[in-house]
Amino acid sequence: MTTVDLILPIKPHANQTKLIQPSTRFNVVAGGRRFGKTEAEKLGDIYRVMRGQHVWWLNPTFDNTTEAWLDFLNFFQQFVPRNGINKSRREIITPTGGRLRCLGADNFKRGSGIQHVSIDEAAFMNLDDLWNYQLRPMLLKSKGSATFLSSTNGRNYFWMLYQLGLDPNEPDWQSWHFTSYDNPLLDPAEIEDIKRNTPERVFLQEYMAQFLDDGGAVFRNLQACKHTDKMPIDTRNPVVIGVDWGQSNDFTVLTAIDTSTRQIVAIDRFNQIGWTIQRGRLEAMVKRYNVQSIYAEENSIGNPNIEELRKSGLPVVSFYTSSSSKQQIVNQLALAFEQVDISIPDDPTLFGELQAYTMERLPSGNMRYTAPSGMHDDMVMSLALAWHGSLTKQVTITVNRFR
């Protein structure tokens, strides 16, 4: 008999050990970022497969399974022969008769019976259909088990399953809740720093794993930031302008912020006019204020406009909008509203866009910020660019025409 010393992927901390071999059939785990819920479930699945069980691991997409697959592969290839590993299907069959397969919910097909399924990032897939019509029937013959793992994403079907685990009349279900603070390997001071510099709704959802019922609203505390009276404007104060371009269906919006008072001093919103006139309106705003810089979106139609503005001597800083850079400036603006650091006018169009602006977490883990279908977000993005510029250390730029 040959003995093999196997190296496990992790050494679990005390809170993770509670999840590795739970006593209930169906377990719903709401956990904050970096708590280690996924790592604990990987270890649990290794034990299941070693006992000869047939286990499925699901992520929102097949690509999302890569990290889990590589960890499983690194462990099982210590003793599983090559013909027991199918990398294209991401499937492993062990000499003990255990079987593991990684799948994506985006290209899911019904299979034969299994004994356990681990559903990672469960709050970010069509869980109602997936569980009730696809997976639950596959556990019927084996009387198998399931684990639902996720950070939270509003009060969707993952939240509904979480409620089952809280109900004493549902003995097959158990719910678990862990925050990022519950990982003893994380420095609490680091989490506190994130808390200070992150919008509250993001921190509560992503790190505290709270089920929020705000429908994904991004901006809160708007009324507290509204001008109560006509606030005086000192045109000598340094000003930053944010520019979000548009022409036909969308609007071009120019938003000017006084960097001393953190007050919006001007908004110009227009469409259906040519680029020359649009640039002329921006030049007119620059003449009225002590403009230190202009943050303008450079994507597509932005670049030629920025070139022309620089030829005119305007202090333009180009900003490339990607999913990550958009998340950065929107979160900066959301934090400003929560901390009442910004002062905005009582503009119904601006308020409407801010109130309607939403976020959702994608299966990749990234956030998507957008206006609801049929609505605009031009004023939001212009304001976000201006606010980002007001927080950025200003660089002296020589202006030939307006000084």
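The values are calculated or read from the model by the stated rules, or taken from the named source; none is laboratory data. For clarity, every value in this text was computed on a predicted model and none was experimentally measured. Cβ: placed from backbone, ideal geometry, glycine included. Neighbour counts: every protein chain shown. Just the protein is used for accessible areas: all its heavy atoms, side chains included, with ligands, DNA and RNA removed. Shrake-Rupley method; radii C 1.70, N 1.55, O 1.52, S 1.80 Å.
Pick from the range 289-305 the residues that are closer than 21 Å to L350 by Cα and open to solvent by 10 Å² or more (accessible area, probe 1.4 Å): which of them is modelled with the highest pLDDT?
Y295
Determine whether R201 is open to solvent by less than 30 Å² (accessible area, probe 1.4 Å), in contact with a strand residue (DSSP E or B) (Cβ under 9 Å, 6 or more places away or on another chain) and either in a helix (DSSP H, G or I) or more than 25 Å from E360 (Cα to Cα) (or both).
yes
Residue by residue through the range 25-36, note down the ones that are open to solvent by 20 Å² or more (accessible area, probe 1.4 Å) and at pLDDT 95 or above.
R25
Any residue in the range 80-100 that's among the hydroxyl-bearing types (S, T, Y): show its pairings with residues that are open to solvent by 90 Å² or more (accessible area, probe 1.4 Å) at Cβ separation under 8 Å, as long as the two are six or more apart or on different chains.
Listed by first residue and then by second, the contacts come to T96/R51.
Just one of (1) crowded, with 18+ Cβ neighbours inside 10 Å; (2) touching a residue at least 60 places away in the same chain (Cβ under 8 Å) trips up L185, so point out which.
Among (1) crowded, with 18+ Cβ neighbours inside 10 Å; (2) touching a residue at least 60 places away in the same chain (Cβ under 8 Å), L185 violates only (1).
I need a count of the residues in the range 182-213 that are more than 24 Å from K11 (Cα to Cα) and touching a Phe, Trp or Tyr at 6+ places or on another chain (Cβ under 6 Å).
Qualifying residue count for the region: 2.
Output the residues belonging to the range 323-346 that are open to solvent by 40 Å² or more (accessible area, probe 1.4 Å) and at negative phi.
Correct list: S323, S324, K326, Q327, Q328, Q332, E338, Q339, D341, D346.
Determine, yes or no, whether A40 is in a helix (DSSP H, G or I), open to solvent by less than 40 Å² (accessible area, probe 1.4 Å), without any contact (Cβ under 8 Å) to a residue 40 or more places away in the chain and not polar (S, T, N, Q).
Taking the combined requirement at face value, the residue satisfies it.
Is there any pair with a first residue in the range 120-133 that is farther than 21 Å from K37 by Cβ and a second that is at pLDDT below 95 and not β-branched (V, I, T) whose Cβ atoms are under 7 Å apart and which are 6 or more apart or on different chains, and what are they?
That search, which allows pairs on different chains as well, returns D128/Y157.
Is it true that some residue in the range 306-322 is under 24 Å from the mean Cα position of the chain (by Cα), open to solvent by less than 60 Å² (accessible area, probe 1.4 Å), within 30 Å of L362 (Cα to Cα) and in contact (Cβ under 8 Å) with a residue 12 or more places away in the chain?
yes
Just to verify a result, which residue in the range 43-74, among those that are part of a helix (DSSP H, G or I) and among the polar types (S, T, N, Q), is surrounded by the fewest Cβ atoms within 10 Å (Cβ to Cβ)?
For the range 43-74, the residue satisfying everything is N74.
Does the range 282-325 hold any residues that are acidic (D, E) and within 24 Å of R368 (Cα to Cα), and which are they?
E297, E298
Would you point out the residue of the range 268-279, among those that are touching a Leu at 6+ places or on another chain (Cβ under 9 Å) and open to solvent by 40 Å² or more (accessible area, probe 1.4 Å), that is farthest from E308 (Cα to Cα)?
Looking at the filtered set, the residue picked out is R269.
Determine, yes or no, whether S293 is out of contact with any Asp or Glu (no Cβ under 9 Å at 6 or more places or on another chain), under 18 Å from R236 (Cβ atoms) and in contact (Cβ under 8 Å) with a residue 24 or more places away in the chain.
Yes; evaluated as a whole, the condition is true for this residue.
Looking at V265, V286, V243, can you tell me which residue is part of a strand (DSSP E or B), modelled with pLDDT of 90 or more and open to solvent by less than 10 Å² (accessible area, probe 1.4 Å)?
Of V265, V286, V243, the one residue that is part of a strand (DSSP E or B), modelled with pLDDT of 90 or more and open to solvent by less than 10 Å² (accessible area, probe 1.4 Å) is V243.
Restricting to the range 210-240, give me the number of residues that are among the hydrophobic types (A, V, I, L, M, F, W, C), within 23 Å of K287 (Cβ to Cβ) and modelled with pLDDT of 80 or more.
2
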